[in-house]
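Worksheet: one structure, shown below.
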Amino acid sequence: MTLRAALHGHGMSELIDVAELLTSEMVTNAYRHTKGPASLRLRSVRAGRLRVGVWDSSPLIPAPFDKPPGGFGAPVPPVDSDGGRGLLLVRQCADAWGGWPLGDQLFGGGGKLLWFEVGVGAECAGAVA
């Protein structure tokens, strides 16, 4: 709800559906796969373009975020798998994405920052209903 209100309040309503879907995937991963705090940051990088960053306390950068955009990433999980598609969805739907290990740069305890960007006109065909 906060993401929706922030985007609406800043005239970026067109990005709500895709940004909510991708943010939900990344925040869920931070919650499920790390022990400790996590944080979400929204930033307008220029008119009509949003960068979402999710920091967590684990230093492990998961595939496909451990490789440059456009490169080969994590394999697609089996069809009957209950999970494993969230970051692949981010890779498919975001305009840009990446990850940085933070070492001891943040709160004295490192971790990582995963991020993605979407812009006006962003769509995730078939993923947002």
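The values are calculated or read from the model by the stated rules, or taken from the named source; none is laboratory data. Small disclaimer: the values here were computed from a predicted structure and weren't measured. Every residue, glycine as well, gets a Cβ built from its backbone with ideal geometry; the counts of neighbours run over all protein chains shown. The area values use the complete protein model at the heavy-atom level, side chains included, leaving out ligands, DNA and RNA. Shrake-Rupley method; radii C 1.70, N 1.55, O 1.52, S 1.80 Å.
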Residue in segment 28-50 that is open to solvent by less than 60 Å² (accessible area, probe 1.4 Å), part of a helix (DSSP H, G or I) and aliphatic (A, V, I, L, M) present
yes
Within segment 1-16, work out how many residues are assigned to a loop (DSSP other than H, G, I, E, B) and touching a residue at least 24 places away in the same chain (Cβ under 8 Å).
2
Here are some conditions: (1) over 15 Å from the mean Cα position of the chain (by Cα); (2) at pLDDT below 90. Residue 6 meets all but one. Which one does it not meet?
(2)
Segment 112-129, residues that are surrounded by 20 or more Cβ atoms within 10 Å (Cβ to Cβ) and modelled with pLDDT under 90:
122
